[in-house]
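Okay, structure first, notes after.
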Amino acid sequence: MLRSTSELQRDSSSLQENRTELTDSQLLLVPFSSLVKIKHLALEFKSDETNEMMPLGTQTVKLCVLLYFFLTAVGGKNLSVFQTPSEIRVLKGGTARINCSYSNTVEQWRIMWKRNTSAKPLCQRIENAKNSTSIVHCTKRNYITDAPSAKSSSLIITDLHFNDSDIYSCEVAYEIPPPQQMEKGKGTSITVEASPTVQLRAETLPYPHEGIQLICISLEFYPENIQVSWFQDGQLITNGTKNGRLCANTDGSFSIISFLNLSLFDWNEGRNYSCQVNHSTLSTPITERISAPNEGPPSDNLFWISPTVSCLIALMVFVIIAVFWACLIAKKMVSSTKESAVPDSGQSGREQPNTDDTVIYSLLGPELSYHI
């Protein structure tokens, strides 16, 4: 039996009251697509009420369709997504893991992992409970683990770089049966950091700035905020210190150089100097120590070079003078020998022997000389 127009109007009023109640108290429980359909059908049904020529059967069918969408929207499974942790700080080259859990499952659902700076999913997985199948696709250095029975999924990012710092979110979508629902987690912030590498060395300043310069180098750290301090025998010093300009490296990290200038007197006193570097990635500051070697800095050796050279020169002069005097004495001895070999007057009529023979004869003695 067909209902009268007055009964249909009462049902319409009841439906509008239920629609108002749904909007006020259960709006979050109804998918957006279903709300749009209900609103559209309700407005269409209301317009039909003003048309007296509309057949009663058509109005009844539309009312039934409206009630169907209303009941489907209210009775459908609700979807909620929870994501942990909210923040991750990891060193360069490390691994990060983000967890995601969802409230219910349907015949087929999809899990997608995205980052804010890219619309393309890093990883996605499609699960079909009816066919017991799953499809997984991930980009390089990204992996996904899924436990449908536990209604959870995890994204694992390996070998993190500085440009991986971003906000990552988990999205879950109900695809089958319709209507489709989709919820997104609150997101996880990943910050990739790097601890500094510290080096400390001493260099001799050239003339006229004679002295020692201590150089403390902090390499490849991130973020850029860093503190460099100098200590002498454990006491903080600031006089003579200077920090260079912060330098950005090609990989996104930073480096900085700090200097401490010392006089030769201060350096040679044998005190201990240290450079201390503090950074947010360090549990305790890095401290590098240095002190003057026992033999003193290289400039002290110059003090002994001049006396050594002077001694060598004096020794050479002494040797030259000694050789000269030896030659001079030898020459005088030869001259005196020649004078003693001159013949007597009685022998003047005889033939004079050769000068060289005379010398030889004189060396043989007077007797041999006479016989010859």
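The values are calculated or read from the model by the stated rules, or taken from the named source; none is laboratory data. Bear in mind that the values here come from a model prediction, so they are computed numbers and not experimental data. Positions of Cβ are generated from backbone atoms using ideal geometry, with glycine treated the same way; all protein chains shown enter the neighbour counts. Side chains are part of the model used for accessible areas, which takes the heavy atoms of the whole protein and leaves out ligands, DNA and RNA. Shrake-Rupley method; radii C 1.70, N 1.55, O 1.52, S 1.80 Å.
The number of residues in region 247-262 being in contact with an Asp or Glu (Cβ under 7 Å, 6 or more places away or on another chain) and in a loop (DSSP other than H, G, I, E, B) comes to 2.
Strands (runs of 3 or more DSSP E) fully within region 97-181 that include at least 2 residues being open to solvent by less than 70 Å² (accessible area, probe 1.4 Å) and under 18 Å from Val192 (Cβ atoms): 108-115, 118-128, 152-157, 166-176. Only residues that are open to solvent by less than 40 Å² (accessible area, probe 1.4 Å) and part of a loop (DSSP other than H, G, I, E, B) were counted in region 230-246, giving 2. Among the residues of region 187-229, those identified as in a loop (DSSP other than H, G, I, E, B), touching a residue at least 60 places away in the same chain (Cβ under 8 Å) and surrounded by fewer than 19 Cβ atoms within 10 Å (Cβ to Cβ) are Gly187, Ser195, Glu210.
Screening Asn128, Asn142, Asn163 for residues that are out of contact with any Lys or Arg (no Cβ under 7 Å at 6 or more places or on another chain), within 14 Å of Gln108 (Cα to Cα) and not hydrophobic (A, V, I, L, M, F, W, C) leaves exactly one candidate, Asn128.
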